[in-house]
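Written below as structure tokens is the structure these notes are about.
The values are calculated or read from the model by the stated rules, or taken from the named source; none is laboratory data. Every value quoted in this text rests on a predicted model; they were computed, and no experiment measured them. Using ideal geometry, Cβ is built from the backbone for each residue, glycine included, and neighbour counts are taken over all protein chains shown. Heavy atoms of the whole protein, side chains included, go into the accessibility calculation; ligands, DNA and RNA do not. Shrake-Rupley method; radii C 1.70, N 1.55, O 1.52, S 1.80 Å.
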Amino acid sequence: MPGVRRPLYQMKAEFFKTLGHPVRIRVLELLSQRERTVAEMLAEIGVEAANLSQQLAILRRAGLVTGRREGLSVTYEITTPEVAELLAAARAILTGVVAGQAEALEQPA
């Protein structure tokens, strides 16, 4: 329905669902470093071209990456530096969680 606003928490949930695939996360990690062609990403990620294409389409629809055609290849980049910041925050959170789990395992029972 036009004009129906969704709550922000629902939009956030959909955003995080978009990030909920290992190939999409890896693509965003690579593009956080610099723009890359599809061929470069295929070599780094090691998935079939059709799978990568599908994941890139999802990221494009979500507005997280943009692509531009250069001859026969397409070069992708992230749309905003906050994407890279979000991935860095996730890494920091997970590092802390893993360290906490390791510390808990070292405690005597």
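Using a 1.4 Å probe over the heavy atoms of the protein chains, calculate the carbon and sulfur portion of the accessible area of the chain as a whole percent.
Details: 4550 of 7710 Å².
The C+S portion of the solvent-accessible surface of the chain is 59 percent.
For region 29-109, which GluC sites (Glu not before Pro) are both in a DSSP coil and crowded by at most 12 other Cβ atoms within 10 Å? Don't skip to the end; give the middle numbers.
Values: sites: GLU29, GLU35, GLU40, GLU44, GLU48, GLU70, GLU77, GLU82, GLU85, GLU103, GLU106; in loops: GLU35, GLU48.
Sites meeting the loop and neighbour criteria: GLU48.
Loop only by DSSP, 11 or fewer other Cβ within 10 Å of the Cβ. Give me the trypsin sites (Lys or Arg not before Pro) in region 1-95 that pass, ordered by residue number.
On the way: sites: ARG5, LYS12, LYS17, ARG24, ARG26, ARG34, ARG36, ARG60, ARG61, ARG68, ARG69, ARG91; in loops: ARG5, ARG34.
Qualifying residues, ordered by number: ARG5, ARG34.
In whole Hz, with x marking every Gly and Pro, tabulate ³J(HN,Hα) for region 45-54 from phi via Karplus 6.51 cos²θ - 1.76 cosθ + 1.60, θ = phi - 60°.
Computed from phi, the couplings for region 45-54 are 8, x, 10, 5, 4, 5, 5, 4, 4, 4 Hz.
Using the heavy atoms of the protein chains alone and a 1.4 angstrom probe, what is the accessible area of the chain per residue in square angstrom?
Details: 7710 Å² over 109 residues.
Solvent-accessible surface per residue comes out at 71 Å².
With the contact rule set at Cα under 8 Å and sequence spacing of 6 or more, what percent relative contact order holds for region 1-69?
Details: 24 pairs, mean separation 21.1, N = 69.
Relative contact order for region 1-69 comes out at 31 percent.
Using only Cα atoms and rounding to the nearest 10 degrees, what angle (0 to 90) does helix 22-33 make with the longest principal axis of the chain?
It is inclined by approximately 80 degrees.
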